[in-house]
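In what follows, a single structure is set out as structure tokens and then discussed.
The values are calculated or read from the model by the stated rules, or taken from the named source; none is laboratory data. Please read all numbers here as calculations on a predicted model, not as lab measurements. Using ideal geometry, Cβ is built from the backbone for each residue, glycine included, and neighbour counts are taken over all protein chains shown.
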Amino acid sequence: MKSIIAWLKSNHTAITSLAAILISAIALFVAWDQSRVMRAQQHADVWPAVQVETQMSTEDGQHIFLVGMTNDGIGPALINRIDAVFAGQPLRHWEEMGTRRPEGLPRPDMWTGGSQGAILAPGETVILAQITWPASEERWPLIGEYQADFFAVTVEACYCSVYGRCWTALRDGRTNHPEPIDACPAADPDSNL
């Protein structure tokens, strides 16, 4: 026991140095862990959550069909690519939704807007396509046929946060939830969705 005490007395600077190294290593780990937590918090503070929506209503003497997108998140969403399938066929332009209609249903009034490359602010909603027919009793069966195709539309939007994290929002008639992906595919230059 006396030899241990003697050794400690003669090597107290080495022991102090080892204690300082141990405390420094612990402090370094705590700082690294805290920076990791802060980085995760930064990403969460600007997380976009895009929802693709379809709606049909009859109001003011009009049958109105809408395809829209809302950013329900707390950060901006950069919309990189939108793909859509309607009536079993891929769309290149939203106007094609008006041309693919039951026989006997006249050409609708349409308003469309492309959103690829747009920035969707938190809480912002954009209308991608609005298709309108004057309401009438004799059109109801044809509107019902169109409605079945309309609500089966598949729309997939790929978007990223300001930190480059990316997701796809899929609306396929049944589900509508964002899924994380590594990166968005390049936008189709021939598409106006």
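Checked against the criteria, residue 7 does not count as farther than 19 Å from residue 166 by Cα, in the same structural domain as residue 124 (by TED's automatic domain parsing) and either outside any helix (DSSP H, G or I) or not charged (D, E, K, R) (or both). For segment 129-148, filtered to residues that are in contact (Cβ under 8 Å) with a residue 12 or more places away in the chain and assigned to a helix (DSSP H, G or I), the residue that is farthest from the chain's Cα centre (by Cα) is 139.
State all residues of segment 94-128 that are in a strand (DSSP E or B) and within 20 Å of residue 56 (Cα to Cα); if no residue qualifies, say none. Outline the logic, then answer.
Here is the first cut: in segment 94-128, the ones in a strand (DSSP E or B) are 109-112, 119-120, 125-128.
109, 110, 111, 112, 125, 126, 127, 128 - these are the residues of segment 94-128 that are in a strand (DSSP E or B) and within 20 Å of residue 56 (Cα to Cα).
When residues in segment 176-193 are screened for being under 16 Å from residue 70 (Cβ atoms) and either modelled with pLDDT of 80 or more or part of a loop (DSSP other than H, G, I, E, B) (or both), 1 of them pass.
This table checks each residue for (1) of a type in the set (S, T, N, Q); (2) under 21 Å from residue 128 (Cβ atoms); (3) without any contact (Cβ under 8 Å) to a residue 24 or more places away in the chain.
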| site | (1), (2), (3) |
| --- | --- |
| 56 | no, yes, no |
| 92 | no, yes, no |
| 99 | yes, yes, yes |
| 102 | no, no, no |
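Looking at residue 81, is it in contact with an Asp or Glu (Cβ under 9 Å, 6 or more places away or on another chain) and at pLDDT below 90? So residue 81 fails the test.
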